[in-house]
Amino acid sequence: MGSRSKDTTVILLDVSTSMHPHLQETIRCLQGYLQQKFLSASGQKDEVGLVLFGCDYTDNDLNEQMGGYEGVIVANPIQPVNLNFVKQLDTLPKGDGTADFLDAVVVGLGLLIERAGDKKLAGKKRLWLLTNLESPVKEPAEGTIEEQAATIAGTMVEKEIRLEVTRIHFKQEVQTSTSIQNEILLRRFVGETHGQIQTVSSALALSGTLATATPAKAPTTTYRGPLEVTPNLKINIWCYKKTVEAKLPSLKGYSDRAPASDPTAQHEMERITAYKSTADPDREVPPAEHTKAYRYGPQFIPVDQHVEEGLKFRADKGVKVIGFTHSKHVPRHLFMKDSNVFIAEPTNETAAVSFSALVRAMHQTHRVAILRCVYRANQGSVALSVGTPCPAEEDHLPDSLIVNQLPFAEDVREYPFLALADQPESKQPSLEQMDLAEQLVQKLDLAPAAGEELLAPEATPNPTLERFYNFLHKRAVEPEAALPPITPTARAVIEPPPRLLEAATPLIEDFQTKFSLTVAAIEDKPSKRFWRDRHAGQDEAPGQLDNGASTSGTAADPISLDDLAARKVDEVGTVNPVQDFNSMIARTDDPNLIPKAIKGMKDVIDNLVTQAYQGNTYDQALECLRALRRGCILQSEPLEFNSYLREIAARSKGKRQHDFWERLVKNQLTLINRDEEPDSDVLPEEAQKFLTEAEAKPPSAVEEPEKDEEVDEMAELLDMAE
């Protein structure tokens with residue numbers, strides 16, 4: 001964005017009795033306006049003056065020279081904004097009489113003419129009037145009020161000075177005959193000076209108007225060149241930024257080492273970064289030996305600057321149309337970053353006609369353009385964007401394309417959700433509930449068909465920026481000031497409008513009745529756990545399933561067998577095998593599921609044990625083994641579990657997986673005995689003896705495979721490495 005020329009503004013603020021209800025909010029918003037100028041680099045070049053009218057006393061040069069301009073005060077001459085100017089707003093006087101806005105306009109005009117002298121002021125020059133127009137305009141000594149206003153307007157046009165008016169008239173206020181007459185006069189005045197008048201009907205609208213009153217940087221094109229529709233059809237266009245996020249100013253390093261008595265001290269800091277060698281901490285690594293490295297798995301790949309430049313995707317500067325598609329194929333949630341606007345080259349009539357025809361054809365056919373955009377040479381990246389047609393609503397405005405960047409596959413985040421239509425009918429909303437929800441949405445409409453739109457983007461200030469500037473002002477005035485509270489205008493942005501909520505209260509109460517909710521009981525121990533949350537040797541209550549369902553089936557159980565059966569799981573997966581296993585054995589619709597679930601859990605346990613690296617998955621295997629034991633007791637399959645545990649013992653005791661057997665013994669995972677399941681062929685004494693009857697062989701011993709046993713070469717290498 002390019003720089004702009006200096007702007008000169010004289011603020012004409014009404015402080016009369018009728019403005020007192022709005023004066024505090026107006027002054028607070030003006031402080032924000034001045035703070036932005038004071039803090040921004042471009043705003044520091046601007047000059048601002050302040051004139052108060054409707055005061056109890058008079059202080060202006062015109063009244064001393066000519067008389068007739070009573071109640072008008074030049075509170076601050078035209079000058080760059082400084083901290084004292086911002087502080088001055090906290091102590092502005094209030095008037096008890098009426099206010100003549102034409103007198104204020106003449107005094108402000110005199111300040112601008114005096115500031116220019118014999119030269120012509122560069123940049124924009126404007127008078128900014130803030131009033132509620134409730135005070136009458138006094139009759140002039142000669143002529144009529146209309147003639148006086150025409151004379152003033154002629155001088156302003158000659159000096160290229162605009163009049164901009166912010167009229168403060170809240171909705172609950174009754175419009176008087178005086179304000180109506182003043183508005184008619186003022187609109188004629190504004191029309192002759194090519195200015196504008198804006199009426200604000202709430203504190204939020206006032207804050208938004210003043211927040212956007214600071215002229216932005218001069219609009220600068222981000223691209224000028226051809227829009228290539230085909231190799232033989234190119235239209236010259238200009239590209240501007242349509243929206244740009246306003247961000248907080250960056251914090252700067254501050255040094256308190258400068259003498260307190262030195263008023264010119266800048267307190268700036270210089271950051272110097274030094275790199276030391278890990279081999280020799282006292283040796284500083286010179287910049288010539290620095291290089292970047294990219295992580296590739298566990299290692300780093302060094303890439304020098306030349307290679308890094310060569311890796312960048314270089315594309316020729318230009319904007320090309322890849323094709324067109326229906327607008328429904330490009331949903332708005334795919335739009336990324338800021339918005340740009342394309343218009344035809346202003347001085348090129350042929351380009352204007354061609355571009356307008358293209359935009360209107362796209363609009364009529366509901367098509368959007370998919371564009372390849374490279375706005376600068378050697379940009380290093382290429383963007384795919386969508387151009388949405390925007391035909392002009394007024395004859396003096398050009399047709400345009402609104403351009404938004406589109407994501408690539410790596411930029412898209414897909415999150416699948418269950419469709420409401422797939423839920424059972426008992427969980428579907430009724431027609432009455434749907435109708436009630438529709439009424440509630442309509443009742444909370446921020447842009448009703450008849451009435452003012454609430455929270456319009458162009459009139460809604462950023463509450464974060466407003467709070468930040470308010471905080472800076474208070475700290476500048478009082479260094480130990482506490483954080484300011486959230487202002488009413490900021491709260492109006494982040495909370496629903498009170499009048500809409502009040503009007504929708506009966507519907508909201510009815511909505512709560514029709515959509516009854518029950519509070520879910522929160523247990524100390526979550527029913528869903530992850531592998532990282534489990535610990536070896538963690539005991540669970542007897543008969544308690546891994547997912548929290550009790551085998552006793554009491555009413556206090558958080559999950560019942562019916563709940564488990566509701567999950568249609570057909571195999572034991574590796575993501576959550578315990579839950580899959582419990583769900584399968586709880587189902588009664590297929591008798592083959594229980595043997596299938598047992599076999600699937602055995603396979604998962606075997607994989608976890610055989611593929612473990614230094615025992616990293618043994619805890620998971622033990623959890624699965626516990627779940628298998630509980631499931632076999634629940635389904636009266638003790639023989640299945642006991643035979644499988646004997647297999648584990650045969651291939652683990654004294655062999656490479658002996659450390660897993662040690663953990664199994666430590667957790668007392670033994671055979672299922674007759675006391676636990678009558679169908680078992682194991683006595684309780686035998687089950688206890690099973691864990692201690694055999695001494696483990698030294699884990700370092702390398703066994704010879706049996707004649708028919710397949711040799712696992714990787715396992716043998718790991719054994720020898722140990």
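Return the residues of region 375-429 that are among the acidic types (D, E) and under 30 Å from T350 (Cα atoms); say none if nothing qualifies.
Of everything in region 375-429, those that are among the acidic types (D, E) and under 30 Å from T350 (Cα atoms) turn out to be E393, E394, D395, D399.
Could you list, in sequence order, the residues of region 410-425 that are at pLDDT below 80 and among the aliphatic types (A, V, I, L, M)?
L418, A419, L420, A421
Which condition does F641 not pass, out of (1) surrounded by fewer than 19 Cβ atoms within 10 Å (Cβ to Cβ); (2) closer than 25 Å to T574 by Cβ, if it passes all the others?
With (1) surrounded by fewer than 19 Cβ atoms within 10 Å (Cβ to Cβ); (2) closer than 25 Å to T574 by Cβ applied to F641, the lone miss is (1).
Please find, among L671, L691, the residue that is at pLDDT 85 or above and surrounded by 12 or more Cβ atoms within 10 Å (Cβ to Cβ).
Going through L671, L691 in turn, just one is at pLDDT 85 or above and surrounded by 12 or more Cβ atoms within 10 Å (Cβ to Cβ): L671.
What are the residue pairs meeting all of these: first residue in region 598-618, first residue closer than 21 Å to Q579 by Cβ, second residue part of a loop (DSSP other than H, G, I, E, B) and acidic (D, E), Cβ atoms under 8 Å, and 6 or more apart or on different chains?
I598/E637; G600/E571
Given (1) part of a helix (DSSP H, G or I); (2) at pLDDT below 90; (3) aliphatic (A, V, I, L, M), identify the lone condition not met by A627.
Looking at each condition in turn, A627 falls short on (2).
Cβ-Cβ below 8 Å, separation at least six or inter-chain, first residue in region 492-512 and assigned to a helix (DSSP H, G or I), second of a type in the set (G, A, S): which pairs?
A492/S202; A492/A203; F511/A437
All but one of (1) surrounded by fewer than 17 Cβ atoms within 10 Å (Cβ to Cβ); (2) over 25 Å from the mean Cα position of the chain (by Cα) hold for A344, so report the exception by its number.
(1)
Given the criterion free of Cβ contacts under 8 Å to residues at least 24 places away in the same chain and among the acidic types (D, E), identify the matching residue among E308, E345.
E308
I'd like to check which helices (runs of 4 or more DSSP H) are fully inside region 24-116 and have at least 3 residues that are aliphatic (A, V, I, L, M) and over 41 Å from the mean Cα position of the chain (by Cα).
Here the list reads 101-116.
Hey, among E139, E147, which residue is on the phi < 0 side of the Ramachandran plot and not in a helix (DSSP H, G or I)?
Only one candidate passes the filter, namely E139.
For the list (1) at pLDDT 85 or above; (2) over 30 Å from V403 (Cα atoms), I need the number of the one condition that P298 fails.
Only one criterion is unmet by P298, namely (1).
I'd like to know if region 276-299 contains one or more residues that are surrounded by 12 or more Cβ atoms within 10 Å (Cβ to Cβ), more than 21 Å from E393 (Cβ to Cβ) and touching a residue at least 40 places away in the same chain (Cβ under 8 Å).
Scanning region 276-299 turns up no residue that is surrounded by 12 or more Cβ atoms within 10 Å (Cβ to Cβ), more than 21 Å from E393 (Cβ to Cβ) and touching a residue at least 40 places away in the same chain (Cβ under 8 Å).
I'd like to know if region 426-442 contains one or more residues that are among the aliphatic types (A, V, I, L, M), modelled with pLDDT under 85 and not assigned by TED's automatic domain parsing to the domain that holds Q36.
No.
Among the residues of region 350-361, is any of a type in the set (S, T, N, Q), more than 24 Å from P219 (Cβ to Cβ) and out of contact with any Asp or Glu (no Cβ under 6 Å at 6 or more places or on another chain)?
Among the residues of region 350-361, not one is of a type in the set (S, T, N, Q), more than 24 Å from P219 (Cβ to Cβ) and out of contact with any Asp or Glu (no Cβ under 6 Å at 6 or more places or on another chain), which makes the answer no.
Could you list all residues from region 435-455 that are without any contact (Cβ under 8 Å) to a residue 24 or more places away in the chain and either among the small types (G, A, S) or surrounded by 16 or more Cβ atoms within 10 Å (Cβ to Cβ) (or both)?
A447, A449, A450, G451
Consider E432 carefully, then state whether it is of a type outside the set (K, R), in contact (Cβ under 8 Å) with a residue 24 or more places away in the chain, under 24 Å from L39 (Cα atoms) and assigned to a helix (DSSP H, G or I).
No, not satisfied.
Filter region 403-460 for residues that are among the basic types (K, R) and over 27 Å from the mean Cα position of the chain (by Cα) and give the result.
K427
Just the residues that are under 23 Å from S201 (Cβ atoms) and surrounded by fewer than 16 Cβ atoms within 10 Å (Cβ to Cβ), please, taken from region 457-485.
Of everything in region 457-485, those that are under 23 Å from S201 (Cβ atoms) and surrounded by fewer than 16 Cβ atoms within 10 Å (Cβ to Cβ) turn out to be P457, E458.
The values are calculated or read from the model by the stated rules, or taken from the named source; none is laboratory data. The model shown is predicted, which means the values in this text are computed figures rather than measured ones. Positions of Cβ are generated from backbone atoms using ideal geometry, with glycine treated the same way; all protein chains shown enter the neighbour counts.
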